[in-house]
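Each remark here refers to the structure printed beneath this line.
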Amino acid sequence: MEHEESQHFPRKRRRTRLCLIMVLCAVLSLVVILAISLGVAHSHVLSSSSPSSESLKKTIIDRCEAFIQKNKSSSANNCQKIWSAFEQAFVGRDPCNVPMEAYDPLIHTVIQDPVCNRMLFWSKTKKIAHDFTEKRDCFLTLEDTLVGFVMNELTWCGKEESNETFTTGCPGWTDCVNNTVRSFWNRASAAFADAACGDVTAMLNGSIATPFSPTSVFATIEVKRFKAAKIKSLSVVLVTKENEGTTCDDPSLQDLQKEIDPKLKYNCKAVPE
């Protein structure tokens with residue numbers, strides 16, 4: 001009996017060592033697998049911003065080239081130069097600290113022929129205004145120009161100490177005053193208003209309490225840049241729902257008349273949607 005036990009115990013030890021070695025190997029294998037997985041995930045995170053940047057670049061250049069192909073008058077524009085001027089406005093900057101002036105080089109890079117008597121401004125009527133200009137090419141909104149068409153409905157921003165362009169995680173329109181997208185549209189709107197000439201039309205929403213909102217881009221930027229030396233008249237098209245809504249006597253529209261140069265002719269017409 002003692003002899004049998006002395007032979008049995010070494011076998012137990014060998015089995016125990018073997019089990020320990022197998023467990024250790026399994027743990028090491030798991031560690032290696034986790035390390036590789038984390039490395040791949042980390043690599044994916046680091047490179048995820050690059051496809052975003054390249055995707056935005058491709059979208060903008062493709063839109064730019066399509067616009068030029070459709071509008072031969074814009075053939076003098078270079079889409080690569082437009083992208084470069086656009087990118088330098090915000091890359092490497094705090095996305096809440098991009099003033100509208102940062103887009104000056106972009107605005108000066110884009111060549112746009114004047115479109116006197118055809119410019120249509122809008123406020124709280126974006127869909128209606130664009131449906132209208134899509135069916136009738138006698139009017140032109142900001143989004144029908146090269147720079148507006150290219151950037152319409154896009155989101156972008158940069159980050160401090162980064163040379164990447166991001167399309168997610170960017171501040172929204174009201175999150176901060178000088179955010180990347182809002183400053184662009186303010187600057188583009190200013191340029192559109194600066195180019196206004198002849199008879200100008202504005203499509204406003206007659207179904208809301210204040211058709212001429214004092215906080216709108218139309219009020220704070222565009223109207224303030226209307227110059228009597230270039231503009232003859234301002235015609236307001238007040239879009240209302242059938243048998244309801246405000247009229248051309250609305251107090252906010254009286255404020256609009258006070259805002260514009262008295263030399264400009266002003267008229268207003270309420271039109272059912």
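The values are calculated or read from the model by the stated rules, or taken from the named source; none is laboratory data. Please read these numbers as outputs of a predicted model, since none were measured by experiment. All Cβ positions, even for glycine, are placed from backbone atoms using ideal geometry, and neighbour counts span all protein chains on display. For the accessible areas, the whole protein counts, side chains as well, though only heavy atoms, and no ligand, DNA or RNA atoms are used. Shrake-Rupley method; radii C 1.70, N 1.55, O 1.52, S 1.80 Å.
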Gyration tensor (alpha-carbon) shape descriptor, segment 139-235, a/c threshold 1.5: prolate
Nonlocal Lys pairs with alpha-carbon distance under 15 Å, segment 220-273 (8 or more apart, or different chains): 10
From phi via Karplus (6.51, -1.76, 1.60), per-residue ³J(HN,Hα) for segment 174-185 in Hz, x at Gly/Pro: 9, 5, 7, 5, 9, 7, 3, 6, 4, 5, 4, 5
Summed side-chain charge close to Leu238 - residues other than Leu238 whose Cβ falls under 13 Å, Lys, Arg +1, Asp, Glu -1: -1
Theoretical gain in end-to-end length, Thr247 to Asp194 [0.36 nm per residue, Cα-Cα removed]: 16.2 nm
Length-normalised contact order for segment 51-272 - Cα pairs under 8 Å, 6+ apart - percent: 21
In segment 67-158, trypsin sites (Lys or Arg not before Pro) in a DSSP loop with at most 15 other beta-carbon atoms within 10 Å: Arg136
Förster radius 30 Å - calculated FRET efficiency between Asp255 and Asp175, Cβ distance, rounded to 0.05: 0.60
Spatial separation of Cα centroids for segment 129-157 and segment 215-265, in angstrom: 21
Ile111 accessible area, 1.4 Å probe, all protein chains in place, Å² to nearest 10: 80
FRET E, pair Ser75, Arg225, Förster distance 30 Å, beta-carbon r, rounded to 0.05: 0.60
Long-range amide H partners of Glu164 with built H, under 5 Å: Gly92, Lys159
